[in-house]
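These notes are about the structure you will find just below.
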Amino acid sequence: MPSLTDKKIVLGISGGIAAYKSAELARLLMQEGATVQVVMSNAAHQFITPVTMQALTGLPVFSSQWDARVDNNMAHIELSRSADAILIAPTTADLMAKLSLGLADDLITTLCLARTCPLLLVPAMNLQMWQHPATQRSAQRLVKDGITLLGPATGIQACGETGLGRMLEPAEIVEHLCAFFQPKLLQGKRVLITAGPTFEAIDPVRGMTNRSSGKMGFAIAQAALEAGAQVHLIAGPCSLATPLQSGGQIYRTDVTSGQEMHAAVMNSLDCDLFFSVAAVADWTIPNPAKEKIKRSGGTNAAKKSAAPLLQFAANPDILQSVADLANMNKVGRQKTLRPYCVGFAAETAQLEDQASEKRRRKGIPLIVGNLGPATFGSDLNQLIIIDEHGIQRLPRAPKLELARLLIKAVAAKLV
Ligand code: C5P
């Protein structure tokens, strides 16, 4: 189901050149299931017409607080009363200043002052205007008043300069809004997540790793954040950006080897939930060479082609260590395991049998299965969730969507 189904968004447009992107924004909001009611400042009319916005949203556009189309002549009350959120994109420096002072001299500002719903502002302005102490003061006041600022982004600006002040792209704004509306199912919970591959050194320049991209673990971190959790993400080597702060808080630790990941996890066990998503290498090389191993072993031809013989040792099983502790915590008590452990199984065949067997063997309450090669590096995945009640099969979908469903299923176990 689209994330903004049944949501009514009042989309405010103020007078900045980025207003040309508001048409695309309205379209994307509607694609996510939202009803979009557009309100424009007079200055916004210089950049985009109400006709465009009305044609896209199917609803009349309002600009004046004296609009006689509203029965009781109180557009500012009527429009804000029914809204789930007011989103203003673009928000100019002038509008930020007015809102930070509580001024209300046109429809948008009056609407914001009269609202009972959340207000999200998407600033867009020239670099110097954004950096001006007056604008920064406005931004700080607005955040203190509980208003959410989305962006600005950095990049080339319409005025030809490059820097901070660009409006976020419409797709990013919609992503933020979807995150904003996720139910806060993990409010006050601490969530520990491992993600990505590990890297086991052979010598200073070579090593063993695997094809895990970290995308599933990072998606779970984002979904947990959106659900209001305090997230500690322990990531193996991967190039993914830390999920944006939305709802809860996130702290990231980067590690390289399985042993480092094990140590980082064992130091962070004061948590309610543990998602073991990382593809930890099963084996490591206990004594990696201090110098680069040379390809040629000498002048003799046989020696030249001789490949080195590597000695392996088992890596610690991180999930097993945490599960054992959680099971010990439980002994003699009727309370939920702490942390509640969620394991992952990436298999290439017989997924259901192998994942079920892994859940039993590790002594964990829940395991998530996915089929190996298809998921590596992909933005899509197909998951099964196995717990004591049986198997739940989730449809093939983007990893973030699956992560949100998984958070929903797991949060229900904690209550
Ligand atoms: O079969 P395997 O033991 O690899 O099970 C996979 C699950 O175990 C995953 O949740 C993975 O994160 C975890 N695991 C671990 N430490 C290892 C190997 C796997 O935590 N050394």
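The values are calculated or read from the model by the stated rules, or taken from the named source; none is laboratory data. Computed from a predicted structure; not experimentally measured. A quick note on method: Cβ atoms are made from the backbone with ideal geometry, for glycine too, and the neighbour counts reach across all protein chains shown. All accessible areas refer to the heavy atoms of the entire protein, side chains included, with ligands and DNA or RNA removed. Shrake-Rupley method; radii C 1.70, N 1.55, O 1.52, S 1.80 Å.
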Inset, instruction - Give the peptides 262-272, 239-249, 395-405 in descending order of average Cβ contacts within 10 Å, highest first. - result: 395-405, 262-272, 239-249
Inset, instruction - Once you've got the GNM for the chain with C-alpha springs shorter than 10 Å, pick whichever of LYS189, LYS215, LYS294 has the biggest mean-square fluctuation. - result: LYS294
Inset, instruction - Just subtract the alpha-carbon distance of ILE293 and ALA374 from 0.36 nm times their residue separation and send over the number in nm, one decimal. - result: 25.7 nm
Inset, instruction - Mind giving me the FRET efficiency for GLN131 and THR49? R0 is 30 Å, r the Cβ-Cβ distance, nearest 0.05 is fine. - result: 0.45
Inset, instruction - Divide by every residue of the chain the summed helix terms, -39500 (n - 2.57) for each DSSP H run of at least 4, and state the resulting mean residue ellipticity at 222 nm, rounded to the nearest 500 deg cm²/dmol. - result: -9500 deg cm²/dmol
Legend entry - Residue (of GLY188, CYS341, MET1) at the positive-pole extreme of the chain, dipole from beta-carbon charges: CYS341
Legend entry - Hz values of 3J(HN,Hα) by residue in the stretch 219-235 - Karplus curve (6.51, -1.76, 1.60), Gly and Pro given as x: 5, 5, 4, 5, 5, 5, 4, 4, 7, x, 7, 8, 10, 10, 9, 9, 10
Inset, instruction - Quickly work out the GLU172-to-LEU269 label distance, labels modelled 7 Å from Cα along the C-beta direction, and quote it in nm with one decimal. - result: 4.0
Inset, instruction - Report, in degrees rounded to the nearest 10, the 0 to 90 angle that the Cα long axis of helix 399-414 makes with the longest principal axis of the chain. - result: 80
Inset, instruction - For ARG361, put the label point 7 Å out on the Cα→Cβ axis and report which residues of the stretch 312-327 keep their amide N under 13 Å from it. - result: 317, 320
Inset, instruction - Using R₀ = 22 Å, calculate the FRET efficiency as 1/(1 + (r/R₀)^6) where r is the Cβ-Cβ separation of ARG211 and TRP283; round to 0.05. - result: 0.85
Inset, instruction - Show the residues, 5+ positions off or on another chain, whose built amide H is closer than 5 Å to the amide H of LEU164. - result: GLY155
Inset, instruction - Kindly rank 6-17, 316-327 from highest to lowest mean number of other beta carbons found within 10 Å of each residue. - result: 6-17, 316-327
Inset, instruction - Leaving ligands, DNA and RNA out of it, work out the accessible area of HIS45 with a 1.4 Å probe and give it in Å² to the nearest 10. - result: 70
Legend entry - Distance in nm between pseudo-label sites at ALA201 and GLN392 (7 Å out along the Cβ direction from Cα): 4.3
Inset, instruction - Could you tell me the distance between the Cα centroids of the stretch 69-134 and the stretch 304-323, to the nearest Å? - result: 58
Inset, instruction - Could you go through the stretch 162-175 in sequence order and give the Karplus-derived ³J(HN,Hα) for each residue, using 6.51 cos²θ - 1.76 cosθ + 1.60 with θ = phi - 60°, rounded to whole Hz, and x for Gly and Pro? - result: 10, x, 6, x, 5, 6, 4, 5, x, 5, 5, 4, 5, 4
Legend entry - For the chain: accessible area per residue (Å², 1.4 Å): 49
Inset, instruction - Using only protein heavy atoms and a 1.4 Å probe, report how much of LEU149 is accessible, in Å² to the nearest 10. - result: 40
Legend entry - Charge sum, other residues only, whose C-beta stays under 12 Å from ARG81's C-beta, Lys/Arg counted +1 and Asp/Glu -1: 0
Legend entry - FRET efficiency estimate (nearest 0.05) - Cβ-Cβ, ASP353 to VAL70, R0 51 angstrom: 0.25
Legend entry - Average projected area [Cα convex hull, the stretch 198-250], square nanometres: 3.9
Legend entry - Dipole axis of the stretch 8-180 (+1 Lys, Arg; -1 Asp, Glu on Cβ), positive-most option in ALA124, LEU103, LEU150: LEU103
Inset, instruction - For the chain, give the percent of accessible area contributed by carbon and sulfur heavy atoms, probe 1.4 Å, rounded to a whole number. - result: 53
Inset, instruction - Using only alpha carbons, build the gyration tensor for the chain and give me the equivalent ellipsoid semi-axes, biggest first, whole Å. - result: 49, 26, 19
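Run through every distinct alpha carbon pair of the stretch 135-282 and return the Kirkwood hydrodynamic radius in angstroms, one decimal place.
That comes to 17.2 Å for the stretch 135-282.
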Inset, instruction - Could you work out how far the C-alpha centroid of the stretch 151-172 sits from that of the stretch 1-50, in angstrom? - result: 18
Legend entry - Linear extension gain, GLN249 paired with PHE312, 0.36 nm per residue minus alpha-carbon span: 18.8 nm
Legend entry - Most to least packed among 25-38, 48-61 [average Cβ atoms within 10 Å]: 25-38, 48-61
Inset, instruction - For helix 318-330, report the angle its Cα long axis makes with the longest principal axis of the Cα atoms of the chain; keep it between 0 and 90° and round to the nearest 10°. - result: 80
Legend entry - Overall dimensions of the stretch 8-180 as given by Cα atoms, namely Rg and Dmax in Å: 14.9, 47
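Take the chain, mark every one of the chymotrypsin sites (Phe, Trp or Tyr not before Pro) that falls in a DSSP loop and has at most 13 other Cβ within 10 Å, then report the longest stretch left between them, sites excluded.
Of all site-free stretches, the longest is 67-311.
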Legend entry - Helix 351-362 vs. the chain, principal-axis angle (Cα, 0 to 90°, nearest 10): 70
